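Input: a single structure, listed below in structure tokens.
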Amino acid sequence: RPRVLSGIQPTAGSFHLGNYLGAVRQWVALQETHDAFYTVVDLHAITVPQDPAELRANTRLAAAQLLAAGLDPERCTLFVQSQVPEHAQLGWVMNCLTGFGEASRMTQFKDKSAKQGNDRTTVGLFTYPMLMVGDILLYQADQVPVGEDQRQHLELTRTLAERFNATYGETFTVPGAHILKETAKIYDLQDPTAKMSKSAANPKGLINLLDEPKVTAKKIKSAVTDTGSEIRFDRAEKAGVSNLLSLLSTLSGATIAELEEKYTGKGYGALKTDLAEVMVDFVTPFRERTQAYLDDPETLDAILAAGAEKARAVAAETLAQTYDRLGLVPAK
Ligand code: TYM
């Protein structure tokens with residue numbers, strides 16, 4: 001079986017619709033066909049300040065949401081990054097393979113550090129991409145299911161894997177990006193040219209999966225469209241309508257063409273009502289399942305501990321081989 005690895009940050013509290021459609025939905029599908037490793041990346045989260053109690057709660061909340069979304073611990077390995085110490089260790093090796101200029105060109109770092117200012121930006125945020133590279137290479141992943149915003153980090157992963165292999169001998173699988181065109185970038189409902197993200201300028205633009213279903217329906221009904229009335233997929237001219245169409249298409253299984261046909265002669269209101277209904281049908285059981293996992297923290301922690309043990313077996317082997325290739329002397 002080919003292998004996949006992916007990760008998600010625990011900081012958001014509730015996952016948003018972009019996380020789900022861009023990444024988590026693919027994770028659930030890929031566990032059927034791939035040897036799948038999925039991780040809640042708490043070490044990535046601490047690149048910005050975190051309240052310890054909140055970080056702990058959010059890490060469990062992230063795991064609960066992944067299980068509620070359909071990850072099955074019998075079919076995939078779900079673990080918390082910090083419980084597998086090899087991530088930090090291989091991350092260090094990756095730092096030592098990366099040029100300072102090369103790391104300085106990472107656009108996510110440039111955007112985030114520009115917002116925070118130099119004095120509040122940590123060195124950890126700067127080295128974040130190399131930690132991510134280590135996450136992927138530790139498992140010899142063939143594919144990495146993510147949204148479009150992670151593409152540059154995946155290119156760095158390929159570059160560093162090839163660099164290491166060329167210098168020290170074949171060690172790492174060079175992974176591909178598994179980015180689905182239709183859901184690579186989910187847009188903000190109030191600013192449909194911007195990516196949906198938890199730092200949305202207007203909270204109405206952001207669909208949190210754990211919001212009250214009523215709130216979600218309301219946000220969809222107040223989504224920005226345009227002054228026309230035609231329901232047609234056209235990102236340039238009709239960004240808002242196109243976003244709603246692609247959301248409904250993905251969630252309902254109907255093609256965009258079928259939807260365009262179905263809504264011919266109908267107004268935006270009809271499209272929004274139907275999308276709101278589909279969303280409510282999705283988030284209502286999702287919230288309940290998430291809560292059920294949170295209500296049983298012992299089971300949740302046991303699932304994560306078992307996942308970390310399975311992950312460590314793979315990660316330790318890759319790290320040992322990497323250290324050996326580098327010329328580090330093993331402990332007797
Ligand atoms: P994170 O936690 O920001 O996001 C998790 C996943 O959600 C996707 N995503 C989106 N997809 C489509 N449209 C959107 N609006 C949208 N917003 C977010 C992201 O692309 C991502 O796939 N650096 C990563 C976490 C990470 C990782 C890894 C991923 C750490 N190590 C190893 C893959 C492999 C991140 O911050 O994702």
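Numbers for the structure displayed
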read-out: Residue in the stretch 306-328 that is farther than 25 Å from LEU160 by Cβ, among the hydrophobic types (A, V, I, L, M, F, W, C) and open to solvent by 60 Å² or more (accessible area, probe 1.4 Å) present; value: no
read-out: Qualifying residue in the stretch 74-84 (condition: of a type in the set (A, V, I, L, M, F, W, C) and away from the ligand (no atom under 13 Å from the Cβ)); value: yes
read-out: Single condition HIS34 does not satisfy, out of (1) more than 12 Å from the ligand (Cβ to nearest atom); (2) crowded, with 19+ Cβ neighbours inside 10 Å; (3) farther than 19 Å from ALA315 by Cβ; value: (3)
read-out: Helices (runs of 4 or more DSSP H) within the stretch 40-105 that include 2 or more residues buried (at least 17 other Cβ atoms within 10 Å of the Cβ); value: 42-45, 52-69, 86-95
read-out: Unmet criterion (only one of (1) within 12 Å of the ligand (Cβ to nearest atom); (2) touching a helix residue (DSSP H, G or I) at 6+ places or on another chain (Cβ under 8 Å); (3) modelled with pLDDT of 95 or more) for ALA62; value: (2)
read-out: Residue tally, condition more than 12 Å from the ligand (Cβ to nearest atom) and not in a loop (DSSP other than H, G, I, E, B), over the stretch 142-175; value: 12
read-out: Pick from the stretch 193-212, criterion within 11 Å of the ligand (Cβ to nearest atom) and open to solvent by less than 50 Å² (accessible area, probe 1.4 Å), ranking: nearest to LEU17 (Cα to Cα); value: ILE207
read-out: Criterion: in contact with an Asp or Glu (Cβ under 7 Å, 6 or more places away or on another chain) and in contact (Cβ under 8 Å) with a residue 40 or more places away in the chain - qualifying residue of VAL133, VAL80; value: VAL80
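The values are calculated or read from the model by the stated rules, or taken from the named source; none is laboratory data. Everything numeric in this text was worked out from a predicted model, so none of it was measured. For neighbour counting, all protein chains shown are included, and Cβ atoms are generated from backbone atoms with ideal geometry for every residue, glycine included. Each accessible area value is taken on the protein alone, full model and side chains, heavy atoms only, with ligands, DNA and RNA left out. Shrake-Rupley method; radii C 1.70, N 1.55, O 1.52, S 1.80 Å.
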